[in-house]
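Reviewing the structure listed below.
The values are calculated or read from the model by the stated rules, or taken from the named source; none is laboratory data. No experiment lies behind these values; they were computed from the predicted model shown. Cβ coordinates were reconstructed from backbone atoms using ideal geometry, including for glycine residues, and neighbour counts include every protein chain displayed. Only protein heavy atoms, including side chains, enter the accessible area calculation; ligands, DNA and RNA are left aside. Shrake-Rupley method; radii C 1.70, N 1.55, O 1.52, S 1.80 Å.
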Amino acid sequence: MKLSTLLQNRRSNNIKETSPFESTGDVTGKSPVSTFWLVLHASFCVISLALGFRLSRIFFLFLFSTSSTNFYTVPFGSGEISVPLRVHSTVTVTPNAKIENPVKKEAVTGGSRVVVGRHGIRIRSWPHPDQDEVMKAHRMIERVQMEQKALFGVKSPRTVIAVTPTYVRTFQKLHLIGVMHSLMLVPYDLVWIVVEAGGVTNETASIVANSGLRTIHIGFNHRIPISWDARHKLEARMRLHALRIVRKEKLDGIVMFADDSNMHSMELFDEIQSVKWIGAVSVGILVQSDTDESSSSLKEKASPMPVQGPACNATRHLVGLHTYDSSKYAKRSAFYIGDRAPVLPRKLEWSGFVLNSRLLWKDHEDKPDWIKDINALNGANEDVDSPLSLLKDTSVLEPLGSCGRQVLLWWLRVEARTDSKFPP
């Protein structure tokens with residue numbers, strides 16, 4: 001009886017007792033104690049995060065720095081930098097006063113220092129203070145290029161024989177010097193044959209003499225005509241005259257036709273070394289635009305650059321020669337020198353062909369039978385458009401420049417007119 005009464009009293013006491021953390025109907029939020037501890041915990045987290053990031057930067061510099069000069073030169077948090085600032089002032093300074101330039105002083109002592117991010121950046125003086133180191137670097141690069149050319153370049157290069165027809169005109173020096181400088185950069189032995197219409201003149205001789213190349217300057221006793229059709233025929237005869245000089249002198253090498261209206265890539269002279277007998281390269285035709293074009297024609301979409309040269313199939317075999325579409329220039333192409341219309345090439349250009357000079361020799365044991373005798377071609381009574389006139393079979397033509405896919409030569413014929421303006 002006493003035991004049961006004691007158990008009932010304990011059960012009633014447990015029911016009446018409430019926990020101090022238990023919310024009652026009178027309290028609607030958390031207790032002030034719990035809110036205080038939550039705010040205090042968040043404050044310590046923010047403070048430890050800030051201090052930890054600051055200390056981590058200092059420890060990173062001490063642990064991973066390779067030199068004492070990589071440390072900051074200014075205290076953390078300051079907005080100052082260690083380079084001198086240029087301040088514009090209205091104070092007048094006498095010209096005789098000697099003022100030390102802080103920028104020059106920093107350059108002498110090894111350069112200034114700027115603090116950006118975690119590391120200091122050294123600003124070195126330019127040009128490099130040690131000229132011997134600069135020359136040493138240039139010699140190393142030159143040596144590497146020589147070794148690469150010896151390993152991957154042409155093993156036994158042949159002489160380049162460049163043929164250039166020219167005549168005295170307003171812009172002759174401008175065009176001829178451009179071709180001359182290209183030939184001066186050729187890394188092979190070179191012979192420059194300059195054929196001048198109207199005979200040898202002092203103007204052309206003075207230009208050719210400054211090249212320092214081995215030159216053959218010969219005259220052609222015909223003056224340059226004023227019509228483009230007659231001019232193309234005369235230039236073909238001038239080139240045939242140069243080829244006869246190659247035959248007479250028995251010059252051994254690769255014959256190329258470097259007109260003074262051409263622009264050459266240096267890769268062209270490396271590419272022609274691989275030709276066996278006669279080869280063809282792609283020529284980009286740069287047609288100057290007409291200054292009197294209407295506004296509607298200017299709004300037309302620019303067409304890709306016209307190209308003429310060898311055409312190959314998927315197996316990289318020659319299937320023919322492709323030319324550009326000249327029909328759109330039919331009504332505005334130049335016929336005389338004074339025409340304002342654009343100048344267009346006539347059929348295939350000679351500059352797109354190279355040939356072995358031994359094809360021109362009279363007696364050569366390895367001379368193929370598909371080549372014609374050059375003395376049989378006069379050029380005056382027959383139309384000699386290109387070196388293809390020397391061939392009996394055009395299938396022997398060797399495509400160069402990735403089978404004609406690379407344009408290594410550009411053609412731009414700009415002539416002096418009565419209303420010439422330079423630059424246009």
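Note on Glu142: accessible area is roughly 110 Å² with a 1.4 Å probe, heavy atoms of protein only.
Taking amide H as placed 1.01 Å from N in the peptide plane, the amide H of Gly219 sits under 5 Å from that of Glu196, Val200, each at least 5 places away or on another chain. Once you sort the root eigenvalues of the Cα gyration tensor of region 225-265 as a ≥ b ≥ c, which label holds: rounded (a/c under 1.5), prolate (a/b larger than b/c) or oblate (the other case)? It is oblate, given that a/c is not under 1.5 and a/b is not larger than b/c. The mean sequence separation of alpha-carbon pairs under 8 Å and at least six residues apart, normalised by the residue count of region 153-265, gives a relative contact order of 40 percent.
Quick one: grab the alpha carbon gyration tensor of region 313-378, order the square roots of its eigenvalues as a ≥ b ≥ c, and give me rounded if a/c is under 1.5, else prolate or oblate depending on whether a/b is larger than b/c.
Oblate.
Give the shape of region 133-260 as rounded, prolate or oblate, defined through the alpha-carbon gyration tensor: a ≥ b ≥ c are the square roots of its eigenvalues, a/c under 1.5 means rounded, and otherwise the shape is prolate if a/b is larger than b/c and oblate if not. In terms of gyration-tensor shape, prolate.
Amide H of Gly253: which non-local residues (sequence gap of 5 or more, or other chain) have their own amide H closer than 5 Å, using H built in the peptide plane? When sequence neighbours closer than 5 places are left aside, the close amide H contacts are Ser357, Arg358.
Order 43-51, 187-195, 218-226, 365-373 from most to least packed using the mean count of other Cβ atoms within 10 Å.
Answer by packing, highest mean first, reads 187-195, 218-226, 365-373, 43-51.
Give me the net charge for the shell around Gly253: Cβ to Cβ below 14 angstrom, other residues only, Lys and Arg +1, Asp and Glu -1. Result for the neighbourhood of Gly253: +3. Highest mean packing comes first when the peptides 324-335, 143-154 are listed by Cβ atoms within 10 Å, giving 324-335, 143-154.
Close amide-amide hydrogen proximity is noted between Leu377 and no other residue 5 or more places distant or on a separate chain, at a cut-off under 5 Å (H modeled in the peptide plane; Pro and chain starts excluded). Calculate, for Gln148 and Leu51, the FRET efficiency according to 1/(1 + (r/R0)^6) with r their C-beta to C-beta distance and R0 51 Å; round to the nearest 0.05. Here the calculated transfer efficiency is 0.35. Only protein heavy atoms count here; on that basis, with a 1.4 Å probe, Lys347 has an accessible area of about 120 Å².
Using θ = phi - 60° in the Karplus curve 6.51 cos²θ - 1.76 cosθ + 1.60, the 3J(HN,Hα) couplings for region 136-146 round to 5, 5, 5, 5, 5, 5, 5, 5, 5, 5, 5 Hz; x is entered for Gly and Pro.
Computed with every protein chain present, the accessible area of His232 is close to 30 Å² [probe 1.4 Å].
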